[in-house]
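Report on one structure; see the data block that follows.
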């Protein structure tokens, strides 16, 4: 099975959200429908990028990596969000 780390951009305030899931389309729908408590207030969300992993455990490690402050700053520069 494939698992993914995804990076979302809030179109309301420019925040980044990083998560992991098996079905990115379904997960993005849940974020934009307000069914995810931590992202509900900042809808709508736009998918910026995804990273594929061969297992859930590797995806969780990837998610932790991208959630590091330094990595978020790199993403902000990559997408001109400073």
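A short reminder: the numbers here are calculations on the coordinates, not readings from a lab. Here the structure is a predicted model, which means the values were calculated and not measured.
Using 0.36 nm per residue and subtracting the Cα-Cα separation, the extra length available between residue 13 and residue 81 on full extension is 23.4 nm. Mean residue ellipticity, 222 nm, helices only, the chain: the sum of -39500 (n - 2.57) across DSSP H runs of n ≥ 4, divided by residue count and rounded to 500, is -11000 deg cm²/dmol. Both numbers refer to the Cα atoms of the chain; Rg and Dmax are 12.3, 36 Å.
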